[in-house]
Amino acid sequence: IELASRLFEGGKTSDGLAHLVRAVRRDPHNSLLGTRIITTLVSHSFLLPDGSPLPLPSPALMFARYSADTRLIYVQGEDQVIRAIDPASWRIAREFQSDPKTAPYQWALAKKAPDVLAAGLDDGSIGVFDIATGRLRFPPLRPPQPRQAKPLLPLLSDDGRMVAAVDDPAAWVWDAASGALLARLPTFPKNGSMAFSPNGGNIAKIAAPP
């Protein structure tokens, strides 16, 4: 029992539970053992799932994201389709797919707007999806003079009104509702990252010199 307790404290929950199971099987009629096991279990906190795992049409990639209103959980499958899961019903509520496909890991949600999703597509363009319908709001966006053939990583402003991406040597900003080009921002080659200010009025960038 002491070993199981140490395993729990070390974060090895599965090993600790397996050790307790083995102890019970070795001496199933020992009432004192049962009391000690219960005492050990109630003295530790365990994260337990609310229900059974949800089977997906394609294995999910490494991370999941909540929508701004926490009503949906977004995951992307190995088939490159982004799926919205309703945690209340534990069902797939919507799928986001396009031709060309959404590139792995190259997608973004707005921090305060649950109605829009932006994704870099395999051909180097950007798709802006309407959450309610799962469809593109307009044809995919592309910098006027694209430099990169690889997928772009889009960035949404907190309010979901603007979408931006870096295509060295410039960053581009579009209106996320209409697709209209709003600005071209100079940057450096090998740009690191960029971020909208909370009110969407400014963009900060981190860039390595040439």
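The values are calculated or read from the model by the stated rules, or taken from the named source; none is laboratory data. Small disclaimer: the values here were computed from a predicted structure and weren't measured. Positions of Cβ are backbone-derived with ideal geometry, glycine not excepted, and every protein chain shown enters the neighbour counts. Each accessible area value is taken on the protein alone, full model and side chains, heavy atoms only, with ligands, DNA and RNA left out. Shrake-Rupley method; radii C 1.70, N 1.55, O 1.52, S 1.80 Å.
With a Förster radius of 22 Å applied to the C-beta separation of Ala93 and Ser197, the computed FRET efficiency comes to 0.10. For the pair Leu33 and Gln145, label points projected 7 Å from Cα toward Cβ lie 7.8 nm apart.
Could you tell me the relative contact order of region 19-107? Use alpha-carbon pairs under 8 Å, at least six residues apart, and round to a whole percent. Working shown, then result.
Working: 86 pairs, mean separation 13.8, N = 89.
Once normalised by length, the contact order is 15 percent.
Computed from backbone phi, the HN-Hα couplings of region 119-130 come to 9, x, 9, 4, 8, x, 8, 10, x, 10, 9, 8 Hz, rounded to whole numbers (Karplus: 6.51 cos²θ - 1.76 cosθ + 1.60, θ = phi - 60°; Gly and Pro given as x).
Which whole-number percent is the relative contact order of the chain (Cα, under 8 Å, 6+ apart)?
Values: 391 pairs, mean separation 20.3, N = 210.
RCO, the chain: 10 percent.
Across the accessible surface of region 12-91, with the other protein chains kept in place and a 1.4 Å probe, carbon and sulfur atoms take up 58 percent.
Here the calculated FRET efficiency for Asp130 and Asp168, from their Cβ-Cβ distance with R0 = 45 Å, stands at 0.95, rounded to the nearest 0.05. Residue by residue, region 25-39 carries 3J(HN,Hα) couplings of 5, 6, 9, x, 9, 8, 5, 5, 4, x, 5, 5, 5, 4, 4 Hz when phi is fed to the Karplus relation 6.51 cos²θ - 1.76 cosθ + 1.60 (θ = phi - 60°); x denotes Gly or Pro.
The modelled label-to-label distance between Arg25 and Leu185, using points 7 Å beyond Cα along the C-beta direction, is 5.9 nm. Solvent-accessible surface of region 80-159, taken per residue with a 1.4 Å probe and all protein chains present: 49 Å². Positive contributions from Lys and Arg (+1) and negative ones from Asp and Glu (-1), summed over other residues with Cβ under 10 Å from the Cβ of Pro59, come out at -2. Using the Karplus relation 6.51 cos²θ - 1.76 cosθ + 1.60 with θ = phi - 60°, the per-residue 3J(HN,Hα) values for region 104-112 come to x, 6, 9, 8, 8, 10, 7, 5, 10 Hz, with x marking Gly and Pro.
Which residue fluctuates most in the GNM of the chain (Cα springs below 10 Å): Leu141, Leu121, Leu182? For the chain, modelled as a Gaussian network with Cα springs under 10 Å, the answer is Leu182.
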